[in-house]
1. If I build a Gaussian network model for the chain, linking alpha-carbon pairs within less than 10 angstrom, which residue out of Ala98, Ala75, Ala16 has the largest mean-square fluctuation?
2. Using alpha carbons only, how many degrees (0 to 90, rounded to 10) separate the axis of helix 14-25 from the longest principal axis of the chain?
3. Go ahead and estimate [θ] at 222 nm for the chain from helices alone: -39,500 (n - 2.57) per DSSP H run with n ≥ 4, summed, over the residue count, rounded to 500.
4. Rounding to the nearest 20 debye, state how big the charge dipole of the range 24-119 is about its Cα centre with +1 on each Lys and Arg Cβ and -1 on each Asp and Glu Cβ.
5. Against the longest principal axis of the chain, how steep is helix 30-44, in degrees 0 to 90 to the nearest 10, with axes from Cα atoms?
6. So if each residue of separation counts as 0.36 nm, and I subtract the Cα-Cα distance between Val108 and Asn31, what length gain in nm does that give?
7. Taking 0.36 nm per residue of separation and subtracting the Cα-Cα distance, what length does fully extending Lys12 through Leu131 add?
8. Just subtract the alpha-carbon distance of Met122 and Arg90 from 0.36 nm times their residue separation and send over the number in nm, one decimal.
Amino acid sequence: MVRNSLGYVSYKDRKAVAADLRLIYTSSTENQAEQQLVEFAQTWDKQYPTISKSWMNHWGCIIPFFAFPVEIRKAIYTTNAIESLNMTLRKVFKNHRAFPTDDSALKVVYLAIANIAKKWTMPIKDWKPALNRFAIEFADRFPT
């Protein structure tokens, strides 16, 4: 959402708009985030009305983000790993227009992820606190 929103912003206002958007997604609760969004709209709607409208239209998809603990949310919004993975998978699927079976598509995804994983050498920022929260929140699915 932030990257999409900044596409509407002129270069001179990018830092200020990004700082105000940061107040939304780093809020501790859903209600606080909604209040920050209203304040953002009051500040920036004169210049960039599409940003707050987009956030409000997608608010239902943004809300589940606030159900996670702060450590996990920080690991999610400070990494580009998910976007990088999606971009690479889109490239792979662009080259393969059709698959004869579901298994063949699954094999292509598996191989793409295996190739992507070789390139991941940088650790995720603040991963240890997030890993601890994952272990607490998802103990039944967390490997021992």
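Coordinate-derived values only; no laboratory data. Predicted, not measured: the structure shown is a model, and the values here were computed from it. Counting neighbours? That spans all protein chains shown, and the Cβs are built from the backbone with ideal geometry, glycine included.
1. Ranking Ala98, Ala75, Ala16 by mean-square fluctuation puts Ala98 first.
2. Helix 14-25 sits at roughly 80 degrees to that axis.
3. Values: 9 runs with 97 residues, N = 144.
Value at 222 nm, helices only: -20500 deg cm²/dmol.
4. Details: 11 positive and 8 negative charges, 127 e Å.
My answer is approximately 620 debye.
5. 60 degrees
6. Values: separation 77, 0.36 × 77 = 27.72 nm, distance 4.19 nm.
Gain in length upon complete extension: 23.5 nm.
7. Working: separation 119, 0.36 × 119 = 42.84 nm, distance 3.74 nm.
Gain on stretching Lys12 to Leu131: 39.1 nm.
8. Numbers: separation 32, 0.36 × 32 = 11.52 nm, distance 2.23 nm.
Stretched fully, the Met122-Arg90 segment lengthens by 9.3 nm.
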